[in-house]
Amino acid sequence: GQGSPESAALRAEASRLFEQVGDARGAARVRWVAANLLISVDAAAAIREYEELTRLYLELDDVYYAAMAASSMSWSLHDLGDLDRAVEYGYLSFRLASRNDDVSAAMVALREVEIHFHRLGYVREAAIIDGAFDALSSRYGMTTPPVFTENVMRRWSGSAALRDALGSERYDELRQAGSGMTLDALSELIESTFATRQLERAESAPASSS
């Protein structure tokens, strides 16, 4: 398996060879695999590595891997209960994937953001994104990989919880609104909702003593 000593030795050798030929992207990509294995052992250390890798991939203009690292960071932050930073990195992943025309990765990030928004109490926005996710998946002929479905089910009670919170009629209206949205329109929705969240946090923070 990927966590075996043999696999670790192969990754180290691959990294050495990439560095030997001056392939910084290749060497950095090997680190993403190692970070994924680290998450179950030391989540905090894995998050630090994801954060560093996201920065590194952006410096290397490796948008594909930057989007994946930000997505992994988003899931990990969610699992540690840091939902605000989870949204931040989920949105970053969505923007990068969209810019790179990587619709599959953009859909993963979109579902992440939906889950984070739902848990933060932005149920209306989550329902809109829910409709957009299904419509865009259908439009682009995408099917959800089983491993992604398992990741989602471990973290989220599903669309039925949105329907229960909003009522069937309102939920269906919001899903219908989301179904006609483009990736750009969704980006604007996520950005404005996140800005609202940041403002609400600032307003609710205790005033510092002078």
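The values are calculated or read from the model by the stated rules, or taken from the named source; none is laboratory data. Just so we're clear, the structure is a prediction, and the values are computed from it rather than from any experiment. When we count neighbours, we look across all protein chains shown, and the Cβ atoms used for this are built from the backbone with ideal geometry, even at glycine. Protein only, heavy atoms only, side chains kept; ligands, DNA and RNA dropped before computing areas. Shrake-Rupley method; radii C 1.70, N 1.55, O 1.52, S 1.80 Å.
Remarks
- Test: residue in region 54-61 that is in contact with a His (Cβ under 9 Å, 6 or more places away or on another chain) and surrounded by 24 or more Cβ atoms within 10 Å (Cβ to Cβ): no
- In region 148-166, the residues that are part of a helix (DSSP H, G or I) and within 14 Å of Glu112 (Cβ to Cβ): Phe148, Thr149, Asn151, Val152, Met153, Arg154, Arg155
Every residue, every condition in (1) touching an Asp or Glu at 6+ places or on another chain (Cβ under 8 Å); (2) in contact (Cβ under 8 Å) with a residue 24 or more places away in the chain; (3) open to solvent by less than 30 Å² (accessible area, probe 1.4 Å), yes or no:
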| site | (1), (2), (3) |
| --- | --- |
| Glu52 | no, no, no |
| Ser71 | yes, yes, yes |
| Leu77 | no, yes, yes |
| Gly90 | yes, yes, yes |
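- Among the residues of region 156-166, the ones that are surrounded by 15 or more Cβ atoms within 10 Å (Cβ to Cβ) and in contact with a Phe, Trp or Tyr (Cβ under 9 Å, 6 or more places away or on another chain) come to 4 in all.
- Inclusion of Glu114 among residues that are out of contact with any His (no Cβ under 9 Å at 6 or more places or on another chain) and open to solvent by less than 20 Å² (accessible area, probe 1.4 Å) is warranted.
- Check on Val103, open to solvent by 10 Å² or more (accessible area, probe 1.4 Å), at pLDDT below 95 and either touching a His at 6+ places or on another chain (Cβ under 6 Å) or within 16 Å of Asp184 (Cα to Cα) (or both): yes
- Test: residue in region 40-57 that is polar (S, T, N, Q), modelled with pLDDT under 95 and under 23 Å from Arg201 (Cα atoms): no
- Of all residues in region 80-98 being in a helix (DSSP H, G or I) and of a type in the set (Gly, Ala, Ser), the one that is farthest from the chain's Cα centre (by Cα): Ser98
- Among the candidates Ala127, Ala185, residue that is closer than 23 Å to Leu77 by Cα and not in a loop (DSSP other than H, G, I, E, B): Ala127
- When each of Glu114, Glu125 is tested for being without any contact (Cβ under 8 Å) to a residue 60 or more places away in the chain, closer than 15 Å to Glu191 by Cα and in contact with a Phe, Trp or Tyr (Cβ under 7 Å, 6 or more places away or on another chain), the lone residue that passes is Glu114.
- Residue, most open to solvent (accessible area, probe 1.4 Å), within region 167-210, restricted to residues that are in contact with a helix residue (DSSP H, G or I) (Cβ under 6 Å, 6 or more places away or on another chain) and closer than 20 Å to Arg119 by Cα: Arg175
- Scan of region 33-79 for residues that are in a helix (DSSP H, G or I) and polar (S, T, N, Q), ordered by number: Asn36, Thr54, Ser71, Ser72, Ser74, Ser76
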